[in-house]
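Heads up: the structure comes next, in structure tokens.
The values are calculated or read from the model by the stated rules, or taken from the named source; none is laboratory data. Just so you know, these numbers come straight off a predicted model, no measurement behind them. Don't worry about glycine lacking a Cβ; one is built from the backbone with ideal geometry, like all the others, and counts go over all protein chains shown.
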């Protein structure tokens, strides 16, 4: 008894589009809106793909078959908006490129949208972050500089007034 594995590959060619960047933190949700009017008669279905750590896009969701990858089971909602993909409880592992392809027939891509999901550490701008430390130092230096300038202007005005008053007394 011999087992064989059959792999099926398809080439999908879509119009070129620039990615929409979406920044997220741990536990947040993302709504990815495919740029299309899905209700137009010539559009049949939408294919969703993702490319995370791998080099190639992998199928994510097909509006015809509604099959979801195991790692995203319970994290996807596609029923609220027919041309949108809602991903819940995002984690750093969900970072990557997401692509929707609006199909007008078998292997005919009419349009699509690319999304770049980028994980941002929620403490990136928090009190312990480098950003906060640098910002605090810059703001402190700026405030100190403004105070010094204000003192210098006040001293200059006082001296001018004293010289003016001494000139009047003579």
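Of the residues screened, residue 50 is not one that is without any contact (Cβ under 8 Å) to a residue 60 or more places away in the chain and in a loop (DSSP other than H, G, I, E, B). Of all residues in the range 110-122, those that are loosely packed, with under 14 Cβ neighbours inside 10 Å have Cβ atoms under 8 Å from Cβ atoms of residues that are part of a strand (DSSP E or B), 6 or more apart or on another chain, in 118/21; 118/22; 118/23; 118/24.
Is it the case that some residue within the range 27-37 is modelled with pLDDT under 80 and either part of a helix (DSSP H, G or I) or over 23 Å from the mean Cα position of the chain (by Cα) (or both)? There is at least one residue in the range 27-37 that is modelled with pLDDT under 80 and either part of a helix (DSSP H, G or I) or over 23 Å from the mean Cα position of the chain (by Cα) (or both). Only one of the listed residues (154, 165, 161) is modelled with pLDDT of 80 or more, assigned to a helix (DSSP H, G or I) and surrounded by fewer than 10 Cβ atoms within 10 Å (Cβ to Cβ). That residue is 165.
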